[in-house]
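Report on the structure given below.
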Amino acid sequence: MDINSLIAQYGYAALVIGSLAEGETITLLGGVAAHQGLLKFPLVVVAVALGGMIGDQLLYLLGRRYGGRILRRFARHRDKIRLAQKMIQRRPYLFVIGTRFMYGFRVIGPLLIGASHLPPTVFLPLNILGALVWALIFTTLGYVGGEVIAPWLHHLDQHLKHWIWLILALVLVIGARWWLKRRNQAKNPQE
């Protein structure tokens with residue numbers, strides 16, 4: 001079985017599992033696979049959104065249940081946690097949707113939201129909306145990125161051959177220089 005058939009057969013399940021937590025890289029790769037025709041773009045968006053939504057929902061529920069205990073472990077970040085909790089209280093809609101796009105908040109954000117006791121009836125629809133927006137943006141970036149790297153991937157073997165020859169030439173030059181230097185040192189030990 002070749003890699004293309006593996007991606008076509010298990011790609012959507014891998015996208016769901018890969019996007020449960022930090023899934024930007026997986027989502028981008030899903031977009032590239034869609035560009036290559038291995039996966040269907042709309043199904044990639046749905047799979048990635050589903051994984052992201054499930055992951056954030058689980059973290060939210062964990063935060064609702066054990067938020068106080070979990071947040072105590074981050075005592076040195078108390079000021080940042082308080083700031084995030086104030087943002088959740090002031091603009092819960094923006095924070096729930098935006099936490100996916102904030103660096104460093106992808107995992108801790110839903111925990112904080114759960115610990116802030118934002119009602120599940122508010123969190124769930126915002127989580128679904130945020131997951132869809134996030135999945136659409138990153139899958140599209142991967143798809144467009146696939147457009148950029150597709151010609152390079154198509155000629156990958158040629159690029160590898162050039163790199164191998166270049167590395168081989170460098171190794172030979174460095175080896176010859178080292179050998180000559182050692183030979184000169186052996187002839188002239190006082191230097």
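Pulled fully out, how much extra length does the chain show between residue 10 and residue 78, if you take 0.36 nm times their separation in residues and subtract their Cα-Cα distance?
20.3 nm
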TODO: Would you mind calculating the relative contact order of the chain from Cα pairs under 8 angstrom and at least 6 residues apart, reporting the percent as a whole number?
DONE: 29
Task: Å² per residue, accessible surface of the chain at 1.4 Å - done: 67
TODO: Find how much the distance from residue 181 to residue 22 grows on full extension, using 0.36 nm per residue of separation minus their present alpha carbon separation; answer in nm with one decimal.
DONE: 52.2 nm
Task: Student exercise, the stretch 1-110 dipole from Lys, Arg, Asp, Glu Cβ charges, in Debye to nearest 20 - done: 1040
Open item on the list: Based on Cα coordinates alone, diagonalise the gyration tensor for the chain, multiply each eigenvalue by 5, take square roots, and list the semi-axes in whole Å, largest first.
Closed with: 47, 27, 13
Task: Ranked packing of 122-135, 61-74, most packed first, by mean Cβ within 10 Å - done: 122-135, 61-74
- [ ] Within the stretch 117-139, find all residues whose amide N lies under 20 Å from a label point positioned 7 Å from the Cα of residue 61 along Cα-to-beta-carbon.
- [x] 117-132
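Given charges of +1 on the Cβ of Lys and Arg and -1 on the Cβ of Asp and Glu, with all other atoms neutral, how large is the dipole of the chain about its Cα centre, in debye to the nearest 20?
So the dipole magnitude of the chain works out to roughly 1180 debye.
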Task: Accessible surface of the chain, 1.4 Å probe, proportion on carbon and sulfur as whole % - done: 68
Open item on the list: On a 1.4 Å probe surface of the protein chains, which of 79, 56 comes out largest in accessible area, and what is the full order?
Closed with: 79, 56
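The values are calculated or read from the model by the stated rules, or taken from the named source; none is laboratory data. Not measured: the values here are computed from a predicted model. Quick reminder, even Gly has a Cβ in these numbers, built from the backbone with ideal geometry, and neighbours come from all protein chains shown. Please note that ligands, DNA and RNA were not included when accessible areas were found on the heavy atoms of the full protein model with its side chains. Shrake-Rupley method; radii C 1.70, N 1.55, O 1.52, S 1.80 Å.
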